Amino acid sequence: MKKIGILFGQERSFPQAFIDRVNQKAVKGITAEFVKIDKVFQAEKPEYAVIIDRISQDVPFYRAYLKNAAMGGTAVINNPFWWSADEKFFNNALAENIGVPVPKTALIPSREHPDDTNENSFSNLVMPFDWDAIFEYTGFPAYMKPFDGGGWKEVYKLCSKEEFFEKHSETKQTVMMLQEEIIFDDTLDVIALAASTYVLCNTSHVTHTIYAM
């Protein structure tokens, strides 16, 4: 029996919907369940043929677990080795380079110096930053958010440069990005597997509580 597992955090709607849908299909020799971890040994034979990862970006233990599983032959979605290069600012730049329209986005340095650095560590940064050019590029309203991560953490809607500087002062050591506002009619959650793309649901009027697959 091959097992498909889903690794998740605080969300509840999508993981359960995914498990239910896979098991409803009743494919011989395949079952789906929430991943269960009670011990992890190096290079051990993995229990799961496939793991859908929804949380490791926030939990270093899970990232190590997934890479160990992948080494043993588990197909992990998303690739756990890609995580070190996977962040929102890079993904936006990549999308633009291959012709996918994305909001205009500017990278913003952290308000406070990272640990074990001082002003001499930033000799190549021209300060003050060219804020006027950045604000003209993105326009207002704009959204400020961490350049990596997810889960709607530290996301601010800003309507003026005064609001920008007020909120940026609260972000401490987090590297942020400023992104133009896009007015939309519909949003779609999708998952891409190789050359195929599957629409999971239209979430235009849903607050992450209903998933239809």
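Derived scalar couplings between HN and Hα for the range 140-149 equal 10, x, 9, 10, 9, 8, x, 6, 9, x Hz in order, rounded to whole Hz, by the Karplus curve 6.51 cos²θ - 1.76 cosθ + 1.60 (θ = phi - 60°), x for Gly and Pro. Please report the relative contact order for the chain, taking Cα pairs under 8 Å with a sequence separation of at least 6, and give it as a percent rounded to a whole number. The normalised contact order for the chain reaches 19 percent. Other residues lying with their Cβ under 9 Å from the Cβ of I30 contribute a combined charge of +4, Lys and Arg counting +1, Asp and Glu -1. Peptide packing for 107-116, 173-182 was compared via the average number of neighbouring C-beta atoms within 10 Å per residue; ordered from the highest value, the list is 173-182, 107-116.
Judged by the gyration tensor of its Cα atoms, with axes a ≥ b ≥ c, the range 1-53 is oblate; a/c meets the 1.5 cut and b/c is at least as large as a/b.
Here the range 132-175 was treated as a single set of alpha-carbon atoms; its pair distances binned every 10 Å from 0 give 27, 57, 16 percent. From the alpha carbon centroid of the range 89-138 to that of the range 16-52 is 40 Å.
Between N79, N23, N120, the GNM of the chain built on Cα springs shorter than 10 angstrom shows N120 fluctuating the most. Candidate cross-link partners of K145 among the aspartates and glutamates, defined by an alpha-carbon separation under 15 Å and a same-chain spacing of 8 or more, comprise E87, E154, E163, E166, E170, E180, E181.
Net charge of the neighbourhood of W82, taken over other residues with C-beta under 14 Å away and scored Lys/Arg +1, Asp/Glu -1, is -1. Shown is the FRET efficiency for Y137 and E170, computed with R0 = 25 Å from the Cβ-Cβ distance and rounded to the nearest 0.05: 0.65. In terms of the mean number of neighbouring beta-carbon atoms within 10 Å, the peptides 2-12, 126-136 order highest first as 2-12, 126-136.
So what is the orientation-averaged projected area of the range 35-158, using the convex hull of its C-alpha atoms, in nm²? Orientation-averaged projected area of the Cα hull: 11.0 nm².
By DSSP, the beta bridges lying fully in the chain are antiparallel in about 60 percent of cases.
Within the accessible area of the chain, the carbon and sulfur atoms contribute 54%, probe 1.4 Å, all protein chains present. Secondary-structure-derived ellipticity at 222 nm for the chain, considering helices only, amounts to -7000 deg cm²/dmol, per-run term -39500 (n - 2.57) for DSSP H runs with n ≥ 4. The orientation-averaged shadow of the Cα convex hull for the chain, equal to a quarter of the hull surface, comes to 15.1 nm². Considering only K88, K104, K36, the Gaussian network model of the chain with Cα springs below 10 Å gives its largest mean-square fluctuation to K36.
Checking the Cα-Cα distances for K36/K88; K3/K88; K3/K39; K88/K161 against a 24 Å cut-off, the pairs over it are K36/K88; K3/K88. With both labels modelled 7 Å from their Cα along Cα-to-Cβ, the Q10 to D58 distance reads 0.5 nm. Of the peptides 95-102, 54-61, the order by per-residue mean of other Cβ atoms within 10 Å, starting with the highest, comes out as 54-61, 95-102. Annotation: amide H of I51 within the under-5 Å range of G5, A75, V76, I77, sequence separation 5 or more or interchain, hydrogens built in the peptide plane.
The values are calculated or read from the model by the stated rules, or taken from the named source; none is laboratory data. Worth saying up front: this structure is predicted, and the values here are computed from it rather than measured. When we count neighbours, we look across all protein chains shown, and the Cβ atoms used for this are built from the backbone with ideal geometry, even at glycine. The accessibility values were calculated without ligands, DNA or RNA, using every heavy atom of the protein model including side chains. Shrake-Rupley method; radii C 1.70, N 1.55, O 1.52, S 1.80 Å.
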